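Laboratory data are not the source of any read-out in this text; all were calculated from the coordinates shown. All of these numbers come straight from a predicted model, not from anything done at the bench. Because the Cβ atoms are built from the backbone with ideal geometry, glycine has one as well, and the counts that use them run over all protein chains shown.
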């Protein structure tokens, strides 16, 4: 935008080159209640990715699920959610954000009730896939509603601060809720709990949400849906299968290669489609592209830490599910402080990268601290400081990343842009969990084999090893694998800081001005 156009937008009247959607509209008096509704729905979707993790052993015993098939309780959700996000975002643009949001809530609640009442593994797997599908409708419509409801200055910063806190802390809150519900009720309530939450959110949406009608008609790009969603499903499935099979497995390699080819074909088709599923100017924009990549890299490291620290607290330190969940509370508090009390207050004053880069560096420092974990109890000395650093860093990072990724987007593209943010988060989480878990397993196996061989030589043969010595070596080896993988996660977080520093060059949005990313807004308006 030119300075004149920015002044026109700030004054509430369009300049000569200012698109009508970039002019600040009168604020909706119900917007803060709308934020509560959006936050409740988004929290439900985010925590559902982890709330079932702690309940999984109980569900497996109750339904007789085999060890080989138990991963499908998680994989069915992530496949449907990650693979259908782009389609869900475009549907929100096509039929309306509020309508899509409410349909997503109803479907998510119904799928959750079905899963809670599951009588067998197939019923549970199907319900989790339905949850993921309706979550793919719900998540992008929630973020696009936030984007179009809060467009100006400090209010936008506050709203995205709250949303960023949910995005960063939702997974940890899921671990806490999963532990409480599993220990004091039953694993089924990890699914049933979504029903009353969805009812509250649906009622609030009917009363408080307002969707602005768009004059631009949005069309559905069917070939783009097949290529884009197919590629994402293949990559997410490959990452899920990489955990039990390994990255060198033929199926994993085939899925990864097929996914990359499908996404390459998708990118080619988007340059030729009359109504593309993902207009390429959205990802070509330097600031949005940098925000998407920063999000994916940060989530790779973050999800790996959740996985390893959950196992460390329960299997090494012997924490109960509830105590494990409570151990994550300081990190959740740090995320909330970083998002709402620091980022939200500074985003309209400083460039976004001035928050993203320090945030990613703090998180990297926290992860690096975990490199020094041992099998001895070390929550206060090592885990707590690391969680506080990671939480504060994520609070500083996620909020400006989401605000930058959705800044200056034409309303008719807000749904698919929001879906792209969620896709970066979901794919990053899938890759991070699989990649870091493989690194941890390999490092542990090498360490344990070496130490057991050394101990056996000193004891005069394998028969001379006592169970206590053997168990001690195994536990130490497991922790060693965790620390190696978390160290890699720290390096990935440093890469996220580098990407944010080099690619994101947006300026702070001034009070009373609709935020813009850079020159791509004129392209947005021309679509």
Three principal axis lengths of the range 221-276 [C-alpha, angstrom, descending]: 41, 13, 9
Rounded Å value of the spacing that divides the Cα centres of the range 315-355 and the range 34-58: 16 Å
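List 62, 454, 48 from most exposed to least, where exposure is judged by having the fewest other Cβ atoms within 10 Å. Walk me through the numbers before you get to the answer.
On the way: 62 15, 454 11, 48 26.
Least crowded to most crowded, the residues run 454, 62, 48.
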Cα centroid of the range 94-121 to Cα centroid of the range 481-510, whole Å: 34 Å
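Please tell me the relative contact order of the range 221-294 in percent, rounded to the nearest whole number, where contacts are Cα pairs under 8 Å and at least six residues apart. Mind showing how you got there, number by number?
Details: 60 pairs, mean separation 25.1, N = 74.
Computed value for the range 221-294: 34 percent relative contact order.
Please rank 103, 335, fewest neighbouring Cβ atoms within 10 Å first, as an exposure proxy. Don't jump to the answer; show the numbers that get you there.
Values: 103 19, 335 30.
By the 10 Å Cβ count, ascending, the order reads 103, 335.
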Relative compactness, the range 220-327, computed as alpha-carbon Rg over 2.2 N^0.38 Å: 1.43
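Which of rounded, prolate or oblate describes the range 297-412 when judged by the alpha-carbon gyration tensor and an a/c cut-off of 1.5?
Values: a/c = 2.49, a/b = 2.22, b/c = 1.12.
Prolate, because a/c is 1.5 or more and a/b exceeds b/c.
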